[in-house]
Amino acid sequence: ETPLRDTLADLQRRADRGEAGAACRLAAEWTYCHGLDSRMRRDEASLRANERMAERLTSMPQDAGRQVPVEALERSLDRAQAQADRSREQLQHCQDVTLPKPSEVARYWRQAALAGHLPSMRNYAVGNAFRRNQVLDNLPALEVYRQEALKIAEAAIARGDLPTAVALAGAYSPLKSREGTYLSQLVDDDAGKSLA
(Lines give C-alpha, C1' and ligand atoms only; values in the text may rest on other atoms or scores of the structure.)
Protein backbone atom coordinates (compact mmCIF):
# COMPACT_ATOMS: atom_id res chain seq x y z
CA GLU A 1 0.00 0.00 0.00
CA THR A 2 3.04 2.27 0.10
CA PRO A 3 3.10 4.58 -2.93
CA LEU A 4 5.62 3.38 -5.49
CA ARG A 5 7.56 6.68 -5.38
CA ASP A 6 8.44 5.91 -1.73
CA THR A 7 9.98 2.51 -2.51
CA LEU A 8 11.17 2.89 -6.09
CA ALA A 9 14.77 3.94 -5.42
CA ASP A 10 15.29 1.15 -2.88
CA LEU A 11 13.73 -1.46 -5.18
CA GLN A 12 15.89 -0.35 -8.11
CA ARG A 13 19.05 -0.35 -6.00
CA ARG A 14 18.33 -3.84 -4.66
CA ALA A 15 17.29 -5.18 -8.07
CA ASP A 16 20.42 -3.77 -9.70
CA ARG A 17 22.49 -5.55 -7.05
CA GLY A 18 20.92 -8.81 -8.23
CA GLU A 19 18.17 -9.35 -5.65
CA ALA A 20 15.58 -11.43 -7.52
CA GLY A 21 12.66 -10.55 -5.26
CA ALA A 22 13.29 -6.84 -5.69
CA ALA A 23 13.56 -7.21 -9.48
CA CYS A 24 10.26 -9.09 -9.51
CA ARG A 25 8.55 -6.52 -7.31
CA LEU A 26 9.87 -3.64 -9.40
CA ALA A 27 8.71 -5.25 -12.65
CA ALA A 28 5.34 -6.10 -11.09
CA GLU A 29 4.87 -2.52 -9.84
CA TRP A 30 5.71 -1.04 -13.22
CA THR A 31 3.45 -3.54 -15.00
CA TYR A 32 0.64 -2.63 -12.59
CA CYS A 33 1.18 1.10 -13.18
CA HIS A 34 1.27 0.71 -16.96
CA GLY A 35 -2.00 -1.23 -16.75
CA LEU A 36 -3.65 1.34 -14.47
CA ASP A 37 -2.62 4.18 -16.74
CA SER A 38 -4.18 2.45 -19.75
CA ARG A 39 -7.30 1.53 -17.81
CA MET A 40 -7.75 5.08 -16.53
CA ARG A 41 -7.58 6.43 -20.08
CA ARG A 42 -10.18 3.87 -21.21
CA ASP A 43 -12.44 4.63 -18.24
CA GLU A 44 -12.26 8.37 -18.82
CA ALA A 45 -13.02 7.91 -22.53
CA SER A 46 -16.00 5.74 -21.57
CA LEU A 47 -17.20 8.38 -19.11
CA ARG A 48 -16.97 11.10 -21.77
CA ALA A 49 -18.86 8.90 -24.25
CA ASN A 50 -21.58 8.24 -21.64
CA GLU A 51 -21.82 11.96 -20.91
CA ARG A 52 -22.18 12.80 -24.61
CA MET A 53 -24.84 10.12 -25.08
CA ALA A 54 -26.77 11.27 -22.02
CA GLU A 55 -26.63 14.85 -23.24
CA ARG A 56 -27.89 13.90 -26.71
CA LEU A 57 -30.65 11.66 -25.43
CA THR A 58 -31.91 13.99 -22.72
CA SER A 59 -32.07 16.88 -25.20
CA MET A 60 -34.29 14.77 -27.46
CA PRO A 61 -38.02 15.20 -27.05
CA GLN A 62 -39.61 12.11 -25.51
CA ASP A 63 -41.88 11.65 -28.49
CA ALA A 64 -38.99 11.83 -30.98
CA GLY A 65 -38.25 8.15 -30.52
CA ARG A 66 -36.21 8.32 -27.31
CA GLN A 67 -36.61 4.87 -25.83
CA VAL A 68 -34.06 5.00 -23.00
CA PRO A 69 -35.52 6.16 -19.69
CA VAL A 70 -33.72 8.97 -17.90
CA GLU A 71 -33.13 6.70 -14.89
CA ALA A 72 -31.25 4.18 -17.03
CA LEU A 73 -29.07 6.97 -18.44
CA GLU A 74 -28.31 8.23 -14.96
CA ARG A 75 -27.38 4.73 -13.75
CA SER A 76 -25.09 4.21 -16.73
CA LEU A 77 -23.45 7.58 -16.17
CA ASP A 78 -23.06 6.89 -12.44
CA ARG A 79 -21.36 3.54 -13.15
CA ALA A 80 -18.98 5.13 -15.64
CA GLN A 81 -18.18 7.93 -13.17
CA ALA A 82 -17.58 5.44 -10.34
CA GLN A 83 -15.23 3.35 -12.49
CA ALA A 84 -13.27 6.42 -13.60
CA ASP A 85 -13.02 7.57 -9.96
CA ARG A 86 -11.75 4.11 -8.88
CA SER A 87 -9.13 4.16 -11.61
CA ARG A 88 -7.95 7.65 -10.65
CA GLU A 89 -7.76 6.60 -7.00
CA GLN A 90 -5.77 3.45 -7.79
CA LEU A 91 -3.45 5.37 -10.08
CA GLN A 92 -2.39 7.52 -7.12
CA HIS A 93 -0.19 4.57 -6.15
CA CYS A 94 1.90 5.38 -9.23
CA GLN A 95 1.78 9.16 -8.93
CA ASP A 96 5.06 11.02 -9.50
CA VAL A 97 6.72 7.93 -11.00
CA THR A 98 8.06 8.03 -14.53
CA LEU A 99 7.24 4.71 -16.10
CA PRO A 100 10.12 3.09 -17.96
CA LYS A 101 10.12 1.75 -21.47
CA PRO A 102 8.52 -1.69 -21.83
CA SER A 103 11.93 -3.23 -22.55
CA GLU A 104 13.16 -2.11 -19.12
CA VAL A 105 10.21 -3.79 -17.39
CA ALA A 106 10.83 -6.99 -19.36
CA ARG A 107 14.52 -6.84 -18.42
CA TYR A 108 13.68 -6.95 -14.71
CA TRP A 109 11.18 -9.81 -15.22
CA ARG A 110 13.90 -11.73 -17.06
CA GLN A 111 16.52 -10.93 -14.43
CA ALA A 112 14.32 -12.27 -11.64
CA ALA A 113 13.40 -15.35 -13.69
CA LEU A 114 17.03 -16.18 -14.47
CA ALA A 115 17.86 -15.77 -10.78
CA GLY A 116 15.39 -18.56 -10.02
CA HIS A 117 12.56 -16.52 -8.51
CA LEU A 118 9.69 -18.94 -9.16
CA PRO A 119 6.80 -16.48 -9.67
CA SER A 120 9.02 -14.50 -12.07
CA MET A 121 10.01 -17.67 -13.90
CA ARG A 122 6.32 -18.42 -14.44
CA ASN A 123 5.46 -14.87 -15.46
CA TYR A 124 8.35 -14.59 -17.88
CA ALA A 125 7.99 -18.09 -19.36
CA VAL A 126 4.36 -17.65 -20.35
CA GLY A 127 5.14 -14.22 -21.83
CA ASN A 128 3.37 -12.00 -19.32
CA ALA A 129 6.44 -9.77 -19.22
CA PHE A 130 5.39 -8.50 -22.64
CA ARG A 131 2.21 -6.51 -23.17
CA ARG A 132 0.60 -7.15 -26.53
CA ASN A 133 0.13 -3.44 -27.20
CA GLN A 134 3.89 -2.88 -26.76
CA VAL A 135 5.29 -5.64 -28.97
CA LEU A 136 7.25 -3.32 -31.24
CA ASP A 137 8.91 -1.75 -28.20
CA ASN A 138 10.07 -5.19 -27.11
CA LEU A 139 11.31 -6.85 -30.30
CA PRO A 140 14.93 -7.39 -29.13
CA ALA A 141 13.71 -8.68 -25.73
CA LEU A 142 11.23 -10.99 -27.46
CA GLU A 143 14.05 -12.50 -29.52
CA VAL A 144 15.89 -13.29 -26.27
CA TYR A 145 12.62 -14.62 -24.83
CA ARG A 146 12.27 -16.92 -27.84
CA GLN A 147 15.61 -18.54 -26.95
CA GLU A 148 15.03 -18.86 -23.18
CA ALA A 149 11.33 -19.21 -22.37
CA LEU A 150 10.97 -22.95 -22.85
CA LYS A 151 14.04 -23.68 -20.70
CA ILE A 152 12.77 -21.36 -17.98
CA ALA A 153 9.31 -22.98 -18.09
CA GLU A 154 10.84 -26.46 -17.84
CA ALA A 155 13.02 -25.33 -14.90
CA ALA A 156 9.96 -23.95 -13.08
CA ILE A 157 8.09 -27.19 -13.69
CA ALA A 158 11.06 -29.19 -12.41
CA ARG A 159 10.73 -27.18 -9.19
CA GLY A 160 7.08 -28.23 -8.93
CA ASP A 161 5.32 -25.13 -10.27
CA LEU A 162 1.87 -26.37 -11.31
CA PRO A 163 0.64 -23.16 -13.05
CA THR A 164 3.68 -23.25 -15.35
CA ALA A 165 3.05 -26.94 -16.04
CA VAL A 166 -0.55 -26.13 -16.99
CA ALA A 167 0.63 -23.27 -19.22
CA LEU A 168 3.16 -25.48 -20.99
CA ALA A 169 0.58 -28.27 -21.39
CA GLY A 170 -1.73 -25.71 -22.96
CA ALA A 171 1.04 -24.50 -25.23
CA TYR A 172 1.70 -28.02 -26.53
CA SER A 173 -1.99 -28.87 -26.82
CA PRO A 174 -3.22 -29.31 -30.39
CA LEU A 175 -6.65 -28.14 -29.19
CA LYS A 176 -5.55 -24.56 -28.65
CA SER A 177 -5.54 -21.72 -31.11
CA ARG A 178 -2.18 -20.28 -32.16
CA GLU A 179 -3.29 -17.00 -30.62
CA GLY A 180 -2.65 -18.26 -27.11
CA THR A 181 0.27 -17.27 -24.94
CA TYR A 182 3.65 -16.30 -26.31
CA LEU A 183 4.83 -19.66 -24.99
CA SER A 184 2.35 -21.43 -27.26
CA GLN A 185 3.97 -19.72 -30.23
CA LEU A 186 7.35 -21.23 -29.36
CA VAL A 187 6.42 -24.91 -29.43
CA ASP A 188 4.81 -27.19 -31.95
CA ASP A 189 1.59 -28.98 -31.15
CA ASP A 190 2.38 -32.24 -29.40
CA ALA A 191 -0.44 -34.07 -27.63
CA GLY A 192 1.96 -36.46 -25.92
CA LYS A 193 4.04 -33.68 -24.40
CA SER A 194 0.87 -31.81 -23.47
CA LEU A 195 -0.47 -34.82 -21.55
CA ALA A 196 2.91 -35.49 -19.95
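The values are calculated or read from the model by the stated rules, or taken from the named source; none is laboratory data. These numbers were taken from a predicted model, which means no experiment stands behind them. Backbone-built Cβ (ideal geometry, glycine too); neighbour counts: all protein chains shown. The accessibility values were calculated without ligands, DNA or RNA, using every heavy atom of the protein model including side chains. Shrake-Rupley method; radii C 1.70, N 1.55, O 1.52, S 1.80 Å.
Kirkwood-based Rg over Rh for region 157-196 (C-alpha set), two decimals?
Values: Rg = 9.5 Å, Rh = 10.0 Å.
Reported Rg/Rh (Cα atoms, Kirkwood Rh): 0.95.
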- prompt: Can you pull out the cysteines in the chain that have no other Cys Cβ under 4.7 Å?
  reply: Cys24
- request: Would you mind working out the accessible area per residue for region 125-183, using a 1.4 Å probe, and quoting it in Å²?
  value: 57
Percentage relative contact order, region 105-167, counting C-alpha pairs under 8 Å, at least six apart: 36
field: Cβ-placed point charges (K, R +1; D, E -1), dipole of the chain about Cα centre in debye, nearest 20
entry: 320
task: Measure of size requested: the Rg and Dmax of the chain, with Cα atoms as the atom set and Å as the unit; please supply both.
output: 22.0, 70
message: Tell me the carbon and sulfur percent of the accessible area for region 40-196, rounded to whole percent, probe radius 1.4 Å.
response: 53
Solvent-accessible surface ranking, highest first, for Met121, Met40 at 1.4 angstrom: Met40, Met121
field: Fraction of the pair-distance distribution of region 87-174 above 22 Å, Cα-Cα pairs, percent
entry: 35
Normalised contact order of the chain, rounded percent, pairs of Cα under 8 Å and 6 or more residues apart: 20
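Just subtract the alpha-carbon distance of Arg5 and Glu104 from 0.36 nm times their residue separation and send over the number in nm, one decimal. Can you show the working numbers first?
Details: separation 99, 0.36 × 99 = 35.64 nm, distance 1.72 nm.
Full extension of this stretch gives 33.9 nm more.
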query: What number, in nm² with one decimal, is the all-direction average of the projected area of the convex hull of the alpha-carbon atoms of region 125-196?
result: 4.6
query: Leaving out ligands, DNA and RNA but keeping every protein chain, what accessible area does Leu118 have, in Å² rounded to the nearest 10, with a 1.4 Å probe?
result: 40
Spin-label zone in region 110-152 - amide nitrogen under 13 Å from a point set 7 Å from the Cα of Gln185 along the C-beta vector: 126-147
- request: Compare the Cα positions of Ala45, Tyr145, Asn123 along the charge dipole of region 25-147 (+1 at Cβ of Lys, Arg; -1 at Cβ of Asp, Glu; about the Cα centre) and return the one farthest towards the positive end.
  value: Tyr145
